[in-house]
Amino acid sequence: MKKLCALLLAVFLVIVSCSSAFAAGINAAEQSVLGNMRTPANMNGHKVYVPTAYINQAEAHFNTIDMTQQQADKINSLINAGRAFLEGTGKSNIKELSASERQTLLSYASQAAAVLKLTAVAGSDETRIKITTKDGTVIVDESNNIIKTTGFSPLTVPIAFASLIFVVLILASAGLVLIKKRELKNEEI
């Protein structure tokens, strides 16, 4: 009976854990891109970082794809070229860039996005970038509202409850069978 209970509990836990949304995960290639995005540019003695919201949104997108090492290498080379460009401007921050310098920076972002068949355009102002899929789904934007939620969903609780009822019914059935077997065994004596 203990083995049966342990087995049913294990099945229950597997069912509950599988009911949550699972993402593809971050592979080594994607991790290298995220790490490179976190490396600041040194603009005239000032460290300039990619906004954390952009990195989080990129990570959320990476959870839905499986980037190859070749794609990551190309994207990383474009990030490095963009960082070197920023450092070579002699400016202290992005807002000081001229329109043509901003266009050059957008060109690096566009090329990097194109590696994953995405499109990068100027965001709400000229210092922001917006990345979308071909169908217009926003992947990265300064609004911070693009991060995809994973984990528990509204269906998780009902599924867990139904699974618990299923386990209880099986345990009750197994208990009844054991009681009947003991009754029959006692009658034989």
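Couple of notes before you dig in:
- Across segment 62-71, rounded Karplus estimates of 3J(HN,Hα) from the backbone phi angles (6.51 cos²θ - 1.76 cosθ + 1.60, θ = phi - 60°) give 4, 5, 9, 10, 10, 5, 7, 5, 4, 5 Hz, Gly and Pro being marked x.
- From phi via Karplus (6.51, -1.76, 1.60), per-residue ³J(HN,Hα) for segment 85-97 in Hz, x at Gly/Pro: 4, 4, 5, x, 6, x, 8, 9, 7, 5, 5, 7, 5
- When only Cα pairs below 8 angstrom with a gap of at least 6 residues are kept, segment 28-140 shows a relative contact order of 24 percent.
- Amide proton proximity set for Met43, modelled H, under 5 Å, gap of 5+: Val48
- Rounded FRET efficiency, nearest 0.05, which uses the C-beta distance separating Ala28 from Thr64 and R0 of 22 Å: 0.80
- Long pairs among Lys47/Lys74; Lys95/Lys117; Lys74/Lys130; Lys95/Lys130; Lys91/Lys130, criterion Cα-Cα beyond 26 Å: Lys95/Lys117
- Diagonalising the gyration tensor over the Cα atoms of segment 28-140 and scaling each eigenvalue by 5 before taking the square root yields semi-axes of 22, 16, 12 Å, largest first.
Read-outs: derived from the displayed coordinates by stated rules, not from any lab. Quantities reported herein were computed from a predicted structural model and do not represent experimental measurements. We place every Cβ from the backbone using ideal geometry, glycine too, and count neighbours over all the protein chains shown.
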